[in-house]
1. Tell me yes or no: at least one residue of region B:91-110 is open to solvent by 20 Å² or more (accessible area, probe 1.4 Å), in contact (Cβ under 8 Å) with a residue 40 or more places away in the chain and β-branched (Val, Ile, Thr).
2. Find the residue count for region B:25-47, including only residues that are under 14 Å from the mean Cα position of the chain (by Cα) and either under 28 Å from A:Arg19 (Cα atoms) or open to solvent by less than 50 Å² (accessible area, probe 1.4 Å) (or both).
3. For residues that are more than 7 Å from chain B (Cβ to nearest Cβ) and among the basic types (Lys, Arg), scanning just region A:3-37, find the one that is nearest to the chain's Cα centre (by Cα).
4. Of the numbered conditions (1) surrounded by 18 or more Cβ atoms within 10 Å (Cβ to Cβ); (2) more than 7 Å from chain B (Cβ to nearest Cβ); (3) part of a strand (DSSP E or B), A:Leu55 fails exactly one; give the number of that condition.
5. Does A:Asp48 meet the test of being more than 8 Å from chain B (Cβ to nearest Cβ) and in a loop (DSSP other than H, G, I, E, B)?
6. Can you tell me which condition A:Pro8 does not meet? The list is (1) within 27 Å of B:His93 (Cα to Cα); (2) surrounded by 17 or more Cβ atoms within 10 Å (Cβ to Cβ); (3) touching a residue at least 60 places away in the same chain (Cβ under 8 Å), and all the others hold.
7. Pick out the one residue from B:Gly71, B:Gly39 that is in contact with a helix residue (DSSP H, G or I) (Cβ under 7 Å, 6 or more places away or on another chain) and either in contact (Cβ under 8 Å) with a residue 24 or more places away in the chain or in a loop (DSSP other than H, G, I, E, B) (or both).
8. Only one of (1) within 13 Å of A:Phe9 (Cβ to Cβ); (2) within 14 Å of the chain's Cα centre (by Cα) is not met by B:Ser91, so which one is it?
Amino acid sequence: MAVTQMDPFAATWLQREDRTSKVRLTANPDYWDKDRGPRLREVVLRNDLTPEEALDLVCTTEGEVDVVTEVSPADAEKVENSEHAELVSTEAIFTVAGVINRDAEGLPLADRRARLALNLAVDRERLVRETMFGRATPLAGLTPPAAVPEEGRLKPHSHDPGRAAELWNEARSETGGGERPLRVAALGGLEDVARAVAADLEGALSVGVEVVVYRGEEELPVRRRLAEKKLAQGWDVLILGHGAQFAESVVAELHRAFAGATGEFRAGPAVPEFESLFAELAAKTAPPEQAEVSQRIDRLVRDESLALSLCAPRALYAVNKHVDFTPYRTSFEFAETSVDDGHWSRR
Amino acid sequence: MVERGDPAGTIKVVDPSPLNWLYITYNTVEELVRAAPDGTIEPAAMETYRWKDEGRTLEVDVREGNRFPDGEPLTAHSVERAFDEVMLWASPHPPGTQFNFAPGTTLEVTGEHGVRFRFPEPDGQALGKLRAMHVMSTPFWEGPGFGYERQGSGEGHW
């Protein structure tokens, strides 16, 4: 666990996994909500396969694996072309964005103009096309489009490398810094995103950009250091993915994490205007009012460039063709899932 | 496809998500609210709710006729027990303390199927937080609990 703030006490857990090889879930046929389910007698979670092995099995066999989650966009076509599986997807309430280190030594990232320059330098359409194979949506602030009705969605930053260079140079000449390379880091499977972002920044801002990727056990100390905020970070932009439990709680989970006083991903001082709006949101109980304040918070994050807004990837699943699977935007649940008479378990 | 009636069939799933532990909880445990497939909050063990006192009071009607898989009725007293258990811990939820109810939050049972939360300050996020307050039957709390038996603590195990 990392303590992010003592008053009021706030913390985030830094987890390691210790899975058994299989977990078996058995239906409760007496559950009150018969319309919902359960429709399956049993779900077996297999932890004895790598994701690569699982994807291969669901595509080429029957009876070994029926559902694989977290399919990479790069593998989506393989699933679509497979004999036994189909690709099921949904617009997830999940964000891929960069934490901007507003405390970075030697770079002007405390200056809004420099942060805005980063956002204007990134070509989100190309990022989505080339690193997500088109299976994502560009972000405006941090709110994934799926969390708000179409009429409430903000417009993403335009791709304007010329204006980005002007703003970067203005901030650099007035506040100093910017002589050293910019360090772009990424967690987990986001290396391709980090490299595409780095290329855009290098091209637009005429700065050197180094890319570092933290994998597996390397992630934990990076997350701890960021959550605790006592030691300097080893990067200027850290690209990561983060989701919310509900569409209605996106700001409490995503925006708070990246920019809030209790935020485990905040890198830089707390932002009074953000805190004021966040307190206003906490006092709202009517959904329309919550949505209105939430949009103002997302606009503040976009306009102040409190994060490097990138994209909202779709959640992709490889699913056996005899399984009728209902994807959730914020979760992974089986209550509505059923199998037909041709499924291996019912033949 | 099986629409209603008796559950049928088995599926095998590989879920490399680091939130797999949470999804297992959501697939097996009842809460007052849950997420609909589109990600919005919808009632589960809760039938209805009412905000009062400008967000400082939340009254919840607990669904009647609901039972845990072991047959124990799920009533307002089950919700009270879950609240008492979660409030024991400073940081029970692995995602972070953002799912905590503020210190000073109270719950009173208003009837066999009614509870009233009182918050020290308005808490417009409270409905969502109810999903992190897992409602369990008595043998669970007296036995394994959330990390009680195995770890000797519920911190970070909800």
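The values are calculated or read from the model by the stated rules, or taken from the named source; none is laboratory data. Please read all numbers here as calculations on a predicted model, not as lab measurements. Neighbour counts run over all protein chains shown; Cβ positions are idealised from the backbone, glycine included. Protein only, heavy atoms only, side chains kept; ligands, DNA and RNA dropped before computing areas. Shrake-Rupley method; radii C 1.70, N 1.55, O 1.52, S 1.80 Å.
1. There is at least one residue in region B:91-110 that is open to solvent by 20 Å² or more (accessible area, probe 1.4 Å), in contact (Cβ under 8 Å) with a residue 40 or more places away in the chain and β-branched (Val, Ile, Thr).
2. Narrowing region B:25-47 to residues under 14 Å from the mean Cα position of the chain (by Cα): B:25-35, B:41-47.
Still in the list and also either under 28 Å from A:Arg19 (Cα atoms) or open to solvent by less than 50 Å² (accessible area, probe 1.4 Å) (or both): B:25-35, B:41, B:44-46.
Of the residues in that region, 15 qualify.
3. A:Arg16
4. That leaves (3) as the condition not met.
5. Numbers: more than 8 Å from chain B (Cβ to nearest Cβ): yes; in a loop (DSSP other than H, G, I, E, B): yes.
Yes, satisfied.
6. So the condition that A:Pro8 fails would be (2).
7. Working: B:Gly71 fails: in contact with a helix residue (DSSP H, G or I) (Cβ under 7 Å, 6 or more places away or on another chain).
On inspection, the qualifying residue turns out to be B:Gly39.
8. (2)
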